[in-house]
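Worksheet for the structure shown next.
Where a number appears in this text, it was derived from the coordinates with a stated rule and is not lab data. All values reported here derive from a predicted model rather than from experimental measurement. Cβ coordinates were reconstructed from backbone atoms using ideal geometry, including for glycine residues, and neighbour counts include every protein chain displayed.
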Amino acid sequence: MMRIGFIGLGNMGAPMAVNLAKAGHEVFGLDAAGATAEGVKQVQSINEAVTDMDCVITMLPNGQIVRDVCNEALEHMSSSSVLIDCSTIDIESARAVHAACASKNVLSVDAPVSGGVGGAQAGSLTFMAGGSQNAFDMAKPLLDIMGGKIVHCGEGGAGQAAKICNNMILGISMIGVCEAFALGEKLSLDPQKLFDVVSTSSGSCWSVNTYCPEPGVGPQSPADNDYKPGFAAELMLKDLLLSQSAAELVNADTPMGARAAGFYQKFVDANGRGRDFSAALEHFKSATRGDFDA
Ligand code: NAD
C-alpha cells in the first residue's frame, strides 16, 4: 500500500483518486475549491498533501498552476518519492517541472490522459507518459489502476507531446467530419447512409465511428444528449492552443491545427462554451459558404 497525495480533485481528479483509494492505497486529497472524493482523506495544505508521501499526483487546469503547486510541493517532498502530473499542460511547463524535480532528486513523470470523465470513473484512461525509466517504473502500478492503456512515450515532456499531437488530430478530424455531414445534408443525403458508408470506408475515424456528431446516428455520443459534454469545446480549444504554442516552440508548420484552433476560438466565443466539441456540426449546418473565414 502506498501513501499518495492527490492535488486537484475536479471532474477528472476526483474519480481517479477514488479508484486509487478503492485499490487499497491511502490517498490524501487537496483541492483549492474544497472538492472531496469518496475514500480520500481531505487535507488543507500542499505541505500536508505531499509530506511523507510515496507519490504525489497532480490533476490541475494549466501549466502555471502546475508549476506553482509543484514548486511548493518540492519544498516538502522526500527524494525517494515520485511526482506524477496528469494535467494537460504546455511543453515548456512540463519540462520546467521535470527540471525542478531533478534538482531536488525527486523522480517525475508527465502523464496526461485521454478518455475523459467516463474513462476516469471506469479506470480505463489512456496514459501517455514521459520521464526516465526509473520514474516510469515507479508510476506504472498506479497508472495501471487508473488506466487501461499506459504508453511510455520517452523522456520528460514526451507524454505532453503525444497528448498535444493526438488532440490536434482529433480537433482537425472532428471539424472535417462535421463539414462532411453538413455538406451531406445540404446534398439531401441521409446521414445514416453517410455514416454507413464512411464508417466502413477510408473516411472512417474515431470522430465518425465512435463519436459521431450527428444525433441519432452511430453509437451513443454527446450528439444524442443535446451536445452536453463529453469533451467541452473550450477544452478542445485549450489543447489546440497548446499544440500551436508547441509548434511555435519547435518551428513546426501546422496549418490545419492553426485553423482548427481558430475555428474553436470563434465557436467558444460565440455559443460553444459548455457544449460538446462535436456541436461544431450545428455551426456548419447553419453556416453558408465563406462563413468560416469571415
Ligand atoms: P477541473 O476544473 O474540473 O478540475 C481542476 C481542479 O483543480 C478544480 O477542482 C480546482 O479547484 C483545482 N485546483 C485549481 N488550482 C488548484 C491549486 N492551486 N491547488 C489545488 N487544487 C487546485 O478540470 P478537469 O476536467 O478535472 O481537468 C483537469 C486536467 O485534465 C486539465 O489539465 C484538463 O485539460 C485535463 N483533461 C481533462 C479532460 C476532461 O474531459 N475533463 C480530459 C483529458 C484531460
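For every residue, the table says whether it meets (1) within 22 Å of the chain's Cα centre (by Cα); (2) under 19 Å from HIS283 (Cβ atoms).
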site: GLU214; (1), (2): no, yes
site: SER221; (1), (2): yes, yes
site: PRO229; (1), (2): yes, yes
site: ALA232; (1), (2): yes, yes
site: LEU237; (1), (2): yes, yes
site: SER243; (1), (2): yes, no
site: GLU248; (1), (2): yes, no
site: GLY257; (1), (2): yes, yes
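Residue by residue, here is whether (1) basic (Lys, Arg); (2) away from the ligand (no atom under 11 Å from the Cβ); (3) within 16 Å of LEU143 (Cβ to Cβ) holds:
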residue	(1), (2), (3)
PHE6	no, no, yes
VAL18	no, yes, yes
ALA21	no, yes, yes
ALA37	no, no, no
ASN47	no, yes, no
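Does LYS41 fit the bill of being in contact with a Phe, Trp or Tyr (Cβ under 6 Å, 6 or more places away or on another chain), more than 7 Å from the ligand (Cβ to nearest atom) and more than 21 Å from PRO112 (Cβ to Cβ)?
On the way: in contact with a Phe, Trp or Tyr (Cβ under 6 Å, 6 or more places away or on another chain): yes; more than 7 Å from the ligand (Cβ to nearest atom): yes; more than 21 Å from PRO112 (Cβ to Cβ): yes.
So LYS41 passes the test.
Considering only residues in segment 58-84 that are more than 10 Å from the ligand (Cβ to nearest atom) and among the β-branched types (Val, Ile, Thr), the one that is nearest to GLY157 (Cα to Cα) turns out to be ILE84. Listed conditions (1) surrounded by fewer than 19 Cβ atoms within 10 Å (Cβ to Cβ); (2) in contact with a helix residue (DSSP H, G or I) (Cβ under 9 Å, 6 or more places away or on another chain) are all met by GLN42, apart from (2).
Checked against (1) surrounded by 17 or more Cβ atoms within 10 Å (Cβ to Cβ); (2) within 26 Å of PHE267 (Cβ to Cβ), GLY176 passes all but a single condition, namely (1).
Screening CYS55 against (1) among the hydrophobic types (A, V, I, L, M, F, W, C); (2) within 15 Å of the ligand (Cβ to nearest atom); (3) crowded, with 16+ Cβ neighbours inside 10 Å leaves a single unmet condition, (2). Applying a threshold of 6 Å to beta carbon distances and a minimum spacing of six or more residues, or different chains, the list of pairs starting in segment 114-125 at a residue that is of a type in the set (D, E, K, R) and ending at one that is more than 11 Å from the ligand (Cβ to nearest atom) and not in a loop (DSSP other than H, G, I, E, B) is empty. Restricting attention to segment 23-35, which residues are small (Gly, Ala, Ser) and either buried (at least 23 other Cβ atoms within 10 Å of the Cβ) or more than 10 Å from the ligand (Cβ to nearest atom) (or both)? If the condition is that a residue be small (Gly, Ala, Ser) and either buried (at least 23 other Cβ atoms within 10 Å of the Cβ) or more than 10 Å from the ligand (Cβ to nearest atom) (or both), then ALA23, GLY24, GLY29 are the ones that fit.
Taking the criterion of being of a type in the set (Gly, Ala, Ser), buried (at least 19 other Cβ atoms within 10 Å of the Cβ), part of a helix (DSSP H, G or I) and touching a residue at least 60 places away in the same chain (Cβ under 8 Å), the residues of segment 197-249 that qualify are SER207, SER243, ALA246.
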